[in-house]
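Below: one structure, written as structure tokens.
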There are 2 protein chains.
Amino acid sequence: MSGTAGKILVESILRLLRRNADKHLARMLRRVHAADIAAAFVQLSPTDAIRLFRIIPDIELQGQTLSEADPESQRNILGALRDDELLEIVKSLSADDAADIIALLPDERSAALLENWKGDDANEVDTLLAYDEDTAGGIMSPHVFALSGPTTCREAIETLQASHEDIEMAFYLYVVNEHGQLIGICNLRQLVVSDPGRSLESIMISEVVSVRTGTDQGEVARLVAKYNFLALPVVDESNKLVGLVTVDDVIDVIQAKHTEDLLSMAGAGGIDLDEQLTPFDSARRRMPWLAASFIAGIGSMFVINSFESVLSQIAVLAAFIPITLGMGGNVGTQAATIVTRGLALGRVQTSQFMRVLGREVLVGLIAGATYGLLLGLFAAAVFRGGNAGEGWSAWQLAGTVSISVACSMTIAATLGGAVPLFFAKIGIDPAVATNPIVTTTTDLVGVTIYFVVGRAFFHL
Amino acid sequence: MSGTAGKILVESILRLLRRNADKHLARMLRRVHAADIAAAFVQLSPTDAIRLFRIIPDIELQGQTLSEADPESQRNILGALRDDELLEIVKSLSADDAADIIALLPDERSAALLENWKGDDANEVDTLLAYDEDTAGGIMSPHVFALSGPTTCREAIETLQASHEDIEMAFYLYVVNEHGQLIGICNLRQLVVSDPGRSLESIMISEVVSVRTGTDQGEVARLVAKYNFLALPVVDESNKLVGLVTVDDVIDVIQAKHTEDLLSMAGAGGIDLDEQLTPFDSARRRMPWLAASFIAGIGSMFVINSFESVLSQIAVLAAFIPITLGMGGNVGTQAATIVTRGLALGRVQTSQFMRVLGREVLVGLIAGATYGLLLGLFAAAVFRGGNAGEGWSAWQLAGTVSISVACSMTIAATLGGAVPLFFAKIGIDPAVATNPIVTTTTDLVGVTIYFVVGRAFFHL
């Protein structure tokens, strides 16, 4: 099945739904992956999405589909389900998926649901809900296949065969001591290829990379990506094995972080993708993120207005405002993005603060001097006669634009390098906070420099 | 081992290297993961990186470290290695990793190396090198654990035990027919827990998701992320099983795409992270990506200059140029990013072109009207007396700025929605091409609207 096949599948679902061919659709859904059904939701109205969800012929498949759906569809469907229906659905899910769904509910509703849901599974889910959703605890599954050190390979395989439990991706087998503390790891292949009489202790690898329940998800993702792990065991503060983060969860974390980074850069951090909201709600969510730009614009307005006397004598200066600000903003965003990404990938270290910053200053200076010179020559060529009426020569204009572009680009690159390094140093994610600060500051500094330089060159 | 431990390790490596404690360092490196050694390169000068590489006490570990290193360090080390050293190193690697390293060499050097390297492995690497590096063929490993349908579980386990081959992540076992065509898949757990006498055919899942050698890597990543696969089999045009893409390779693809997307958005697409280049080389690489901004700025300059007579009569208009352009640019980037990311995640479809575009137009209109009104009121308050000397009232200014901000934001959001949809429709990656086009066009349209509206309001 390829990506095209996935699209065709979604189209078939939509067609059958439009035709009200519910029975036919139910038969078809039985053979479809939950992720494909979930992919159809975003193309449906909220009402139709609920209709489709109710047609799913199996409670377990309903649960998986709900887990795979985008956040908006999840909220929509959860709102439509009765409490007793929802309880049956979450019961069919693995504890970590159930916890993720319950975390979406309003507090009273989730409390009532957990109240009605008794037994071990409910306790497990309750425990998972206590972890911060940005931590390893928030994405781990509490079901880990763990055995004691003296267990033989034969016994381990028999236990695996006998286990009817929902063991998530049993590709590694974890070895624990009598206190439940993690002491080693075997992979399933080692188990299969080893002499059946050997103990797990004797074949396990005892240097295990593990994370704490409170470890940040970004750090978990970094470790999995760096060391090519399929799963990472999660331990509590006493090194007791309490859960497992699998690579599929890590990919979800990486994708979500990617979306967040891109939206932050676009001055839209914190808002989620919003294709299912009404345009009015979308606008309401997006507008606050335009405020930094608005404030920078108002600031520039005051700066420019305070130089009205300069502008009224040398009208042509207004024409070069956008390019001065644009070049500064662009080079600043470039530097900020390169440093931020370098930090995220571990290729730039905050301990190298001055070295990294020094590079960005020099890059800004070189790029600024080059583009400044280019713009100066260009201005001199276009306005080569100067303006006899206003009494200035082309070279005054060329000097102003070249010096101010060079300065504002250098300062912008410096800010673009310094701001993410500073945020990383004090423990704030640079991807989220850097861009609005760099662009806003760059604009205000750039426009001020421009007029100060202009006033000097035109002797005003 | 946590992230902090990784940092401490890198610091120890650097310290021992500075002290020239080569023997001590070699002993230590023996116990270190290749990814950790590779992480140290970026903090070293090219010469020291080569020194460190030569201290690595084992040819296999050298190979893995080279594989894990960043592209700049790879090029640096490859340049320093003699041909015979390099041959031994690539021979120690798995075929897909060897092919990735050889692909970095200049054509003559790679041809000479393959010439000297004879045997099956060399042929395999040669085959891999023929695939486009952006395709499934470009990241797959040709070593797949595949057996025929009638094989029993017992035989399969015995084969697995006997196999000394380098089988990459044998967590799935693929089942092929007599022509080597993929007919099914078992996971290792099924194999272990099933009756040893059963045939693979009887326990396999026969609906296998596979990709072609030519399938785009982005599509491979999307499938793995969507269906939570650990590996994806790769087949040729006759459905013959030829390789395997594993989830760790997919994470690398996702990370690389993420870096590319972020740099593209920052107007720095196509340049790689450059922390190891000299500032001069960095500037030379980054500068071309500022050209779009430069051209837009020159365009704006001509537009503004052509309205010089308007500006010379109503000087205050210059002060509102940055905010008009800034708000348009920001809302356009927001829309472009949200639509681009929605397309990448499959949450927005090109088939919904008009619906998606309609939303963005409405969002732009609502946000534009709101911020336009706000700015108009603000302008009216700040310049409440108007300007008797120039003969205009505050309401003329308020009208100009509010209408032009509303219009330019609406147009910017429309462009931000339309451009990525258009690129996706014609098969160009919207993440790469969208932003420069949207911001450049928005600037030019915005500044034109501003002066046309201004001329109307001030009756010029």
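Starting from the Cα gyration tensor of segment A:128-256, multiply each eigenvalue by 5, take the square root, and state the resulting semi-axes largest first in whole Å.
26, 14, 13
Across peptide B:241-251, the mean count of Cβ atoms from other chains lying within 10 Å of each residue's own Cβ comes to 3. Heavy-atom accessible area for A:Y371, with the other protein chains in place and a 1.4 Å probe, reaches approximately 20 Å².
Of the residues B:R347, B:R341, A:R355, ranked by 1.4 Å probe accessible area with the largest first, the sequence reads A:R355, B:R347, B:R341.
Label-point spacing for B:D134 across the identical copies (point 7 Å from Cα in the Cβ direction), in nm and ascending order: 3.5. Close amide-amide hydrogen proximity is noted between A:L173 and A:C186, A:N187, A:L188, each under 5 Å apart and 5 or more residues distant or on a separate chain (H modeled in the peptide plane; Pro and chain starts excluded). Counting Cβ atoms of other protein chains within 10 Å of each Cβ in A:283-291 and taking the mean gives 6. Total buried accessible area between A and B, probe 1.4 Å, nearest 100: 11100 Å². With contacts defined as alpha carbon pairs under 8 Å and 6 or more residues apart, what's the relative contact order of chain B in percent? Relative contact order here is 11 percent. The label-point distance for B:I428 and A:E115, in a model that sets each label 7 Å from Cα toward Cβ, rounds to 5.9 nm. As a fraction of the 1.4 Å probe accessible area of the protein assembly as shown, surface on carbon and sulfur atoms comes out at 56 percent. Note that the protein assembly as shown presents 41 Å² accessible area per residue, ligands and nucleic acids not counted, probe 1.4 Å. Against chain B, whose longest principal axis is taken from its Cα atoms, helix B:46-55 shows a tilt of about 20°. By how many degrees, between 0 and 90 and to the nearest 10, does the Cα long axis of helix A:120-129 differ from the longest principal axis of chain A? Roughly 10 degrees between the two axes. 3J(HN,Hα) couplings calculated from phi for segment B:399-413 with the Karplus curve 6.51 cos²θ - 1.76 cosθ + 1.60 (θ = phi - 60°) are, in sequence order, x, 4, 5, 5, 5, 6, 5, 4, 5, 5, 5, 5, 5, 4, 5 Hz; Gly and Pro show x.
For segment A:410-460 versus segment A:363-404, the inter-centroid distance based on Cα atoms is 22 Å.
Across peptide A:303-309, the average count of Cβ atoms from other chains found within 10 Å of a residue's Cβ is 4.
Within the assembled protein chains, the solvent-accessible surface assigned to A:I449 is about 30 Å², based on a 1.4 Å probe. Rounded to the nearest 10 square angstrom, A:W289 shows an accessible area of 110 square angstrom against a 1.4 Å probe.
Taking each label point as 7 Å beyond Cα in the direction of the beta carbon, state the distances from B:S351 to the same residue in the other copies, shortest first, in nm. Going from nearest to farthest copy, the values are 5.4 nm.
Using the Cα gyration tensor of segment A:328-371, with a ≥ b ≥ c the square roots of its eigenvalues, what is the shape: rounded (a/c below 1.5), prolate (a/b larger than b/c) or oblate (neither)? The shape class here is oblate. Taking the C-alpha atoms only, the angle from helix A:71-80 to the longest principal axis of chain A is near 50 degrees. Once you divide the Cα radius of gyration of chain B by 2.2 N^0.38 Å, the number left is 1.32.
Estimated from helical segments only, the mean residue ellipticity of the protein assembly as shown at 222 nm is -20500 deg cm²/dmol, where each DSSP H run of four or more residues counts as -39500 (n - 2.57).
Rg and Dmax over the alpha-carbon atoms of the protein assembly as shown stand at 30.7, 101 Å.
The values are calculated or read from the model by the stated rules, or taken from the named source; none is laboratory data. Quick caveat, the model's predicted, so the values are computed rather than measured. Quick reminder, even Gly has a Cβ in these numbers, built from the backbone with ideal geometry, and neighbours come from all protein chains shown. Protein only, heavy atoms only, side chains kept; ligands, DNA and RNA dropped before computing areas. Shrake-Rupley method; radii C 1.70, N 1.55, O 1.52, S 1.80 Å.
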